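The next block holds one structure in the form of structure tokens; read it before the comments.
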Amino acid sequence: MSYGKFVGLTAGALMALGAGLTSVATPAAAESTLRVVMHSDLKILDPIWTTAYIVRNHGYMIYDTLIAYDSKLTPKPQMLEKWDISADKLTYTFTLRDGLLWHDGQPVTAEDCIASIKRWGSRDAMGQKLMGVVDKLEAVDTKSFKLVLKVPYGLVLESLGKPSSNVPFMMPKRVAETPGTEQISDNTGSGPFIFKKDEWKPGDKTVYVKNTKYKPRSEPADMLAGGKVVKVDRVEWVAIPDHQTSMNALINGEIDMIESPQADLLPLVKNDKNIEMFNANVLGNQYVIRFNHLHPPFNNQKIRQAAIAAFSQEPFLQAVFGDPDFYKVCPAMFMCGTPLATDKGGDILIKSDFNKSKALLKEAGYDGTPVVLMHSTDLFVLNNLAPVAKDLLEKGGFKVDMQSMDWQTLVARRAKRDAPNAGGWNAFLTSWVAADILNPVMTAFLNSSCEKALFGWPCDPEMEKLRDNFAMATDDATKKQIAEKVQLRALDYGTYAYLGQWYLPQLMRKDRLSGAVQAPVTVFWNIAKK
């Protein structure tokens, strides 16, 4: 079979996301357990403290959101019954649905939600922009609260419904009052699953059980909106780091699903009538390299420009996938095939210019300070990226100290502001789902608010002004113009570099499973197991 369909689905995908397969009832006589190999092992439990996708996925298991995006990327009520907007567009009144309970049996209140929004807003790039124009958040009664703005702001609902890292998950007030810079220790949520912390064994398995007191919405599941109806009793995330072993386990029926299979192993199952290649994330993903702006050498703008000049997207994509059916060279920061896509300035990332890189290094007075490049070794979609970056940077005149580690170690280390020779870092590579990077405010790595920015900590008032202008814009033409300016500014300032788009199906036993939901996040409601 051809895998090209995974790339082709991106064009126009904003209006064409599906709502999933038809589900069947789960037999009630025996406990049903869904066993899945995820893309990474779960070692951190706070989806506000980190943007790591495995922690985001954990968040969707046990927490819920006030608002959720449907398959047309329209914000819909989720925990909310409704919202009302004042005529002057300054006051939003939110009312919770009846019957919402925390896992400990206590009712969800407006005060819980206010505390959760504030904690999320202290960490997330889109949340920070929203909170910057919020005059006050106050409870009206136990089930409703008001968000009052200083000025009209066009992304209130879109921000509170943000679908990926950091997601504005609702937590009990006692938990949400934990500073965003500290990890929570209480994992009480109100979502469709309950985390079994007593069975959590990092490196072995993570266990969730059905929340029998969860009250789903009545609408059908539609991407991240609609009814989160749980049709299995238990979900186990099984840690199998070797991809061949996990593929064999799927073929032999020992597991039910692989979230992120290794691309070169897909031919092993392409003719297996019991296994489906399920394209859950039709918008795809984008590779990026993040620079640390705090320490030499990338505290120098010209040296960041030199690195960008040395990069070329195709070597990264080839190193991971090889087969162009799984990737696309794309000059657009906000993803090819989306409304804000533009090629302005992006050609610099299509072909390496080592002479330009060396000239910029000479102009900047680069003294040979080695780039401490963190190399993730245990995630297939990231494993081969750092060696390519090292090769290109060295060809461009840099010295590189590539240090290998597992992804969770990298996630912890990237939060450190220490000097690179004291346990810090200069650069690392990662990937974002398209749902995280559709506009300048949503894109976390564009946050350039100095110490409030995401790890890497860029400090660029010009970028922040552009992002503010985008948030206040009311027409699509103006937003498009601002997005182009943002792309040009990011490449000139060297905020980060984007390194191409990629697509990969999930694998699941279709002889056992039905009802999987298409979404940019792997979710487990609506899936039934025979």
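The values are calculated or read from the model by the stated rules, or taken from the named source; none is laboratory data. Note that the structure is predicted; figures quoted are calculated from it, not measured. In this analysis, Cβ positions are derived from the backbone assuming ideal geometry, glycine residues included, and neighbour counts consider all displayed protein chains.
The figures follow:
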quantity: Some residue of the stretch 133-154 being among the charged types (D, E, K, R), modelled with pLDDT under 95 and either in contact with a helix residue (DSSP H, G or I) (Cβ under 6 Å, 6 or more places away or on another chain) or within 22 Å of residue 469 (Cα to Cα) (or both); calculated: no
quantity: Any hit, the stretch 106-117, residues being part of a strand (DSSP E or B) and without any contact (Cβ under 8 Å) to a residue 12 or more places away in the chain; calculated: no
quantity: Residues that are over 14 Å from residue 127 (Cβ atoms) and of a type in the set (A, V, I, L, M, F, W, C), drawn from the stretch 172-192; calculated: 175, 184
quantity: Any chance residue 130 is in a strand (DSSP E or B), surrounded by 19 or more Cβ atoms within 10 Å (Cβ to Cβ) and within 28 Å of the chain's Cα centre (by Cα); calculated: no
quantity: Selection within the stretch 225-260 - among the polar types (S, T, N, Q) and not in a loop (DSSP other than H, G, I, E, B); calculated: 244, 245, 246, 248
quantity: Identity of the residue in the stretch 192-204, surrounded by 17 or more Cβ atoms within 10 Å (Cβ to Cβ) and not aromatic (Phe, Trp, Tyr), that ends up farthest from residue 44 (Cα to Cα); calculated: 192
quantity: Hits in the stretch 439-452 - residues which are of a type in the set (A, V, I, L, M, F, W, C) and either surrounded by fewer than 21 Cβ atoms within 10 Å (Cβ to Cβ) or in the same structural domain as residue 158 (by TED's automatic domain parsing) (or both); calculated: 450
quantity: Every residue from the stretch 485-509 that is surrounded by fewer than 20 Cβ atoms within 10 Å (Cβ to Cβ) and in contact with a Lys or Arg (Cβ under 8 Å, 6 or more places away or on another chain); calculated: 488, 493
quantity: Residue match in the stretch 29-49 (condition: acidic (Asp, Glu) and surrounded by fewer than 19 Cβ atoms within 10 Å (Cβ to Cβ)); calculated: yes
quantity: Matching residues, the stretch 409-452, being within 21 Å of the chain's Cα centre (by Cα), part of a loop (DSSP other than H, G, I, E, B) and without any contact (Cβ under 8 Å) to a residue 40 or more places away in the chain; calculated: 416
quantity: Verdict on residue 177 being surrounded by fewer than 17 Cβ atoms within 10 Å (Cβ to Cβ), more than 30 Å from residue 447 (Cα to Cα) and at pLDDT 95 or above; calculated: no
quantity: Leading residue by the ranking (farthest from the chain's Cα centre (by Cα)) among those in the stretch 187-224 that are assigned to a loop (DSSP other than H, G, I, E, B) and among the basic types (Lys, Arg); calculated: 213
quantity: Condition check for residue 150: basic (Lys, Arg) and in contact with a Leu (Cβ under 6 Å, 6 or more places away or on another chain); calculated: no
quantity: Tally, over the stretch 405-426, of residues that are of a type outside the set (Phe, Trp, Tyr) and under 26 Å from residue 323 (Cα atoms); calculated: 1
quantity: Scan of the stretch 91-105 for residues that are of a type outside the set (A, V, I, L, M, F, W, C) and not in a loop (DSSP other than H, G, I, E, B), ordered by number; calculated: 91, 92, 93, 95
quantity: Residue satisfying condition, being of a type in the set (Gly, Ala, Ser), buried (at least 16 other Cβ atoms within 10 Å of the Cβ), more than 22 Å from residue 436 (Cα to Cα) and in contact with a strand residue (DSSP E or B) (Cβ under 8 Å, 6 or more places away or on another chain), within set 364, 307; calculated: 307
quantity: All positions within the stretch 72-94 that are of a type in the set (A, V, I, L, M) and at pLDDT 95 or above; calculated: 79, 80, 85, 87, 90
quantity: Every pair of residues 6+ apart whose Cβ atoms lie under 8 Å, when the first sits in the stretch 151-177 and is assigned by TED's automatic domain parsing to the domain that holds residue 447 and of a type in the set (Val, Ile, Thr) while the second is in a helix (DSSP H, G or I) and at pLDDT 95 or above; calculated: none
quantity: Matching residues in the stretch 457-473 - criterion: being surrounded by fewer than 22 Cβ atoms within 10 Å (Cβ to Cβ), touching a residue at least 60 places away in the same chain (Cβ under 8 Å) and closer than 23 Å to residue 426 by Cα; calculated: 457, 459
quantity: Condition broken by residue 282, with the remaining ones in (1) in a strand (DSSP E or B); (2) β-branched (Val, Ile, Thr); (3) within 25 Å of residue 525 (Cα to Cα) satisfied; calculated: (1)
quantity: Number of the exception - residue 166 against (1) in a helix (DSSP H, G or I); (2) closer than 22 Å to residue 50 by Cβ; calculated: (1)
quantity: Residue 277, sole failed condition from (1) among the aliphatic types (A, V, I, L, M); (2) in the same structural domain as residue 424 (by TED's automatic domain parsing); (3) within 23 Å of the chain's Cα centre (by Cα); calculated: (2)
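So that you can scan it fast, the table gives a plain yes or no per residue for (1) modelled with pLDDT of 95 or more; (2) under 24 Å from residue 493 (Cβ atoms); (3) outside any helix (DSSP H, G or I):
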site: 273; (1), (2), (3): yes, no, yes
site: 288; (1), (2), (3): yes, yes, yes
site: 299; (1), (2), (3): yes, yes, yes
site: 307; (1), (2), (3): yes, yes, no
site: 316; (1), (2), (3): yes, yes, no
